[in-house]
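Worksheet for the structure shown next.
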Amino acid sequence: MTAMMSFAHDTAANPLDVMEQIVAANEWACDRRSDSEMAAEAPGKWCDYGLYFSWSHEISAMHFTCAFDLKVPEKRRAALYELLALANERLWIGHFGMDADDGMPVFRHSVLLRGAPGASAESLEDMVDIAITECERFFPAFQFVLWGGKGPAEALQAAMLECVGEA
């Protein structure tokens, strides 16, 4: 691997510039804190999601989180950790975790851009769309565990029911 590494710094353009345009086009609230940080809020079916983007120019990587507007009581955190592990088994991209400070569930994903001219608007839109879609899909399971008294496996099974037709 070392023989293939180049010492020339081929870094990507800042993807937050593109992400800022995407957020503005969706008319979401946004706060561009610096060249390396941006926060936004996206509406969802179940709650509003806090989006946070962090760009590292040094390693040409962007870290992204999509946080639920959902507080987890201390006594339910063990059950939620189990649910997060079960949910992560169903994901292809990204993963769920829990913020240790406030106990808020988050969806996380990172994008490596070393050697690329930058991130495309389409790939960034897909990243955010996938995160919100997965958060929306699993939100009922989180609610079942936190407030419905269900165990993690039972909550996941109940939330993953696919309805057919209309009533």
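Just so it is clear, none of the values below were taken in a lab; they were calculated from the coordinates. Quick caveat: nothing in here was measured; it's all calculated off a predicted structure. Backbone-built Cβ (ideal geometry, glycine too); neighbour counts: all protein chains shown.
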Filter pass, A121 being over 28 Å from D17 (Cα atoms) and in contact with a helix residue (DSSP H, G or I) (Cβ under 7 Å, 6 or more places away or on another chain) | no
All but one of (1) touching an Asp or Glu at 6+ places or on another chain (Cβ under 8 Å); (2) part of a helix (DSSP H, G or I); (3) under 21 Å from L51 (Cα atoms) hold for F139, so report the exception by its number.
-> (1)
Considering only residues of segment 35-62 that are polar (S, T, N, Q) and in contact with a helix residue (DSSP H, G or I) (Cβ under 9 Å, 6 or more places away or on another chain), which is nearest to D99 (Cα to Cα)?
-> S54
Does any residue of segment 85-106 turn out to be β-branched (V, I, T) and closer than 19 Å to A25 by Cβ?
-> no
Which one of the conditions (1) closer than 13 Å to F142 by Cβ; (2) in a loop (DSSP other than H, G, I, E, B); (3) over 18 Å from the mean Cα position of the chain (by Cα) does R114 fail to meet, given that it meets all the rest?
-> (1)
In this structure, is F107 touching a strand residue (DSSP E or B) at 6+ places or on another chain (Cβ under 8 Å), assigned to a helix (DSSP H, G or I) and under 17 Å from C47 (Cβ atoms)?
-> no
Inside segment 34-64, can you point out the residues that are in a loop (DSSP other than H, G, I, E, B), surrounded by fewer than 17 Cβ atoms within 10 Å (Cβ to Cβ), in contact (Cβ under 8 Å) with a residue 40 or more places away in the chain and of a type in the set (G, A, S)?
-> G44
